[in-house]
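Undergrad: Here you go, one structure.
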Amino acid sequence: MNKNDLAKKLHDMYSNAPEGYQVAHIHLFGVKYADAIQRNHYKISEIVSLSGIRPSYATEVSKGIKLSKYVLPKN
């Protein structure tokens, strides 16, 4: 999965999240795609920028990546 694919997934997860769950879905993105991001040494800030969401959400993606060591998505 390349940076553009990841950025599209992030944009879609954020945009399609239920009201009030946008940040949770950003964390979920980090959990789900941590392996691809880390394996390819992608910069989180670049993925966030390409996704079109606020740059400050890079911190939230980072939190999701850290959580990926401890949690598994249900679906």
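Undergrad: For Val31, are the conditions met, namely being touching a residue at least 40 places away in the same chain (Cβ under 8 Å) and surrounded by 15 or more Cβ atoms within 10 Å (Cβ to Cβ)?
TA: Against the criterion (touching a residue at least 40 places away in the same chain (Cβ under 8 Å) and surrounded by 15 or more Cβ atoms within 10 Å (Cβ to Cβ)), Val31 qualifies.
Undergrad: Quick one: how many residues across the range 8-28 are touching a residue at least 40 places away in the same chain (Cβ under 8 Å) and within 8 Å of the chain's Cα centre (by Cα)?
TA: Going through the range 8-28 one residue at a time, the tally reaches 3.
Quick note: the coordinates plus some simple rules give every number you see, no bench work behind them. Owing to the predicted nature of the structure, the values given are computational and were not obtained by experimental measurement. Quick reminder, even Gly has a Cβ in these numbers, built from the backbone with ideal geometry, and neighbours come from all protein chains shown.
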